[in-house]
Amino acid sequence: MKPTGLLDLSPEQKKLQESAREVAQVLKKNADQADRERWVPSENWDAIKSAGFYGALVPKAYGGLGLGMFEYSLILEQLGQGCSGTSMAFNMHQMSMSLMKGAGLESVNKDKFAYLCDLTVNNLMSAVASEPGGNSLIYATLNPTSYVEVVEGGYKLYGRKQFGTNFEASRYSMVMFHIKDSPDATESVFLLIDTKMPGVNVEDTWDTLGLRATRSNSVFFDGLFIPEEQTLLRGSDFFQSLLQTSSAEFYHTFSSVYLGILTAMLDWAQQYLLSRVPRGYTQPMAYHPSSLQTIGALIDRLDQARLIVRQVSLTYDTHGNIPESFYGFAKAKLAITNALMEAVRTLPSACGANSLYNKNPLPRLMRDAMVATVMPPHMWQERELAAIGAMDLDMTKIQPPLG
């Protein structure tokens with residue numbers, strides 16, 4: 001699908017966007033429940049799967065929609081307007097397949113890649129790599145310390161993972177482990193795990209500020225055996241290579257979810273201000289100068305962020321992960337993060353104290369928006385990457401922040 005412009009979509013793209021908008025209405029109805037119960041309702045997953053979105057990024061040759069990043073961003077922006085947590089959890093569903101595609105699984109083992117694609121189209125998936133002690137501002141801390149012992153016929157798994165989005169709800173999860181006793185500290189293996197098998201342990205730790213519906217609990221292993229055939233890929237320095245080969249799927253997709261959150265915040269605030277008529281007056285608060293200033297500034301921010309997200313998505317679809325794409329992803333995430341922080345700062349003042357009752361969606365959306373500052377890439381990394389790209393610096397010569 002080729003767009004006729006960044007805002008003037010093709011008929012096929014408009015149809016895709018409308019389909020996502022319809023799904024978002026289901027998600028919106030359940031958004032408060034999902035946040036309160038820290039769980040994506042099954043009705044949400046049914047609607048997403050029925051629309052064919054489980055296979056959004058799966059290549060057509062393997063049974064998916066084969067969408068580019070531009071079209072996928074359209075879906076995420078709409079779903080994000082319905083329910084932040086569901087939209088982010090859905091995006092994480094795509095991770096195992098898309099990251100393995102970027103890591104070259106198709107060329108290494110086409111049959112295994114086809115199997116993973118089939119699972120993605122037909123089952124809810126998850127991918128878990130983060131661990132306690134890791135820090136996205138320091139790349140060296142991201143290599144796994146949870147490990148596998150190589151035994152006859154497969155592996156025994158040990159260690160703890162955190163931020164396991166979708167893990168409990170998913171049928172299968174791709175989990176990353178270090179190879180014990182390997183002389184290479186970065187040597188790791190990606191294993192496909194049946195989340196329902198005995199020996200898989202989940203600890204309910206996900207009592208957080210925002211994106212509560214993602215239910216990103218901790219998962220730990222103490223000797224669980226996984227057969228060799230469940231290996232997806234084994235190799236070294238995966239984080240650094242995936243940052244280069246799969247940066248679109250790795251973190252650019254988050255920008256589109258947050259674009260949806262900002263749109264939902266702004267849409268709600270406008271309707272709220274139009275409905276609020278002060279006692280003794282005939283005009284709603286939407287006419288007040290403070291409302292006009294706040295809404296006008298945020299509309300400007302939203303339009304800028306949307307244009308940047310769509311431009312870099314189109315650049316990636318057309319030219320691949322060239323520097324303009326790689327550094328553009330960081331600029332897109334920075335634009336939407338800055339816009340969200342301005343919305344969090346100014347909308348409560350513009351809408352007034354009554355807007356902050358939890359019966360309204362604004363408090364939930366504000367909490368979800370706050371997570372944008374730390375979700376990869378971290379807000380400070382976004383700034384650094386934007387500067388590195390602008391000045392054409394050598395990333396390998398950037399000094400580590402800590403000794």
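The values are calculated or read from the model by the stated rules, or taken from the named source; none is laboratory data. As the structure is a prediction and not an experimental result, all values here were calculated from the model. When we count neighbours, we look across all protein chains shown, and the Cβ atoms used for this are built from the backbone with ideal geometry, even at glycine. Protein only, heavy atoms only, side chains kept; ligands, DNA and RNA dropped before computing areas. Shrake-Rupley method; radii C 1.70, N 1.55, O 1.52, S 1.80 Å.
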>> Give me the percent of accessible area attributable to carbon and sulfur for region 237-340, probe 1.4 angstrom.
In response: 56
> Roughly how many nanometres apart are two label points built 7 Å out from the Cα toward the Cβ at Asp184 and Gln304?
Replying inline: 4.3
> Along the charge dipole of the chain, Cβ charges K/R +1 and D/E -1, which of Leu119, Gln270, Leu242 sits furthest on the positive end?
Replying inline: Gln270
>> Quick check for me: using +1 on Lys/Arg Cβ and -1 on Asp/Glu Cβ, what's the dipole size of region 180-330 about its Cα centre, in debye to the nearest 20?
In response: 1060
>> Using a 7 Å offset from the Cα along the Cα-to-Cβ direction at both Lys15 and Ser107, what is the distance between the two label points in nm, to one decimal?
In response: 3.4
>> Sorting check: for 391-400, 43-52, 9-18, which peptide has the highest mean count of neighbouring beta carbons within 10 Å, and how do the rest follow?
In response: 43-52, 9-18, 391-400
>> On alpha carbon coordinates alone, what is the Rg over Rh value for region 66-177, Rh being the Kirkwood radius?
In response: 0.99
> Which value does Rg/Rh take for the chain over its C-alpha atoms, Rh per Kirkwood?
Replying inline: 0.98
> Once both axes come from the Cα atoms, what is the angle between helix 289-319 and the longest principal axis of the chain, in degrees from 0 to 90, rounded to 10?
Replying inline: 30
>> Please list, in order, the residues from region 36-55 whose amide nitrogen is less than 19 Å from a point placed 7 Å along the Cα→Cβ vector of Lys196.
In response: 40-47, 49-50
>> Rolling a 1.4 Å sphere over the protein heavy atoms, what is the accessible area per residue of the chain, to the nearest Å²?
In response: 45
> How large is the dipole of the chain about the Cα centre if only Lys and Arg carry +1 and Asp and Glu carry -1, each at its Cβ, rounded to the nearest 20 debye?
Replying inline: 1260
>> I'd like to know which of Ile336, Gly104, Gln283 lies farthest towards the positive end of the charge dipole of the chain, counting +1 on Cβ of Lys and Arg and -1 on Cβ of Asp and Glu.
In response: Gln283
> Among Leu224, Thr186, Pro11, whose Cα lies farthest out toward the positive end of the dipole of the chain, if unit charges sit on the beta carbon of Lys, Arg (+1) and Asp, Glu (-1)?
Replying inline: Pro11
> Looking at region 96-241 from every direction and averaging, what is the projected area of its Cα convex hull in nm²?
Replying inline: 8.9
> Using the alpha-carbon centroid of each, what span in Å lies between region 252-318 and region 94-132?
Replying inline: 35
> When ranked by the protection proxy of mean other Cβ atoms within 10 Å per residue, highest first, what sequence do the peptides 379-386, 222-229 form?
Replying inline: 379-386, 222-229
> Glu149 to Met341: extension gain in nm, 0.36 nm per residue of separation minus the Cα-Cα distance?
Replying inline: 64.7 nm
> Using a 1.4 Å probe on the protein chains only, how many percent of the accessible area of region 1-159 belongs to carbon and sulfur?
Replying inline: 50
> Which of the trypsin sites (Lys or Arg not before Pro) across region 159-225 are loop residues per DSSP, with 10 or fewer other Cβ within 10 Å?
Replying inline: Lys196
>> I need the shape label for region 183-339. Rule: rounded when a/c is under 1.5, else prolate if a/b > b/c, else oblate, with a, b, c from the alpha carbon gyration tensor.
In response: oblate
> Ranked highest first by average number of other Cβ atoms within 10 Å, how do 98-111, 275-288 line up?
Replying inline: 98-111, 275-288
> At what distance in angstrom do the alpha carbon centres of region 148-183 and region 207-226 lie from each other?
Replying inline: 13
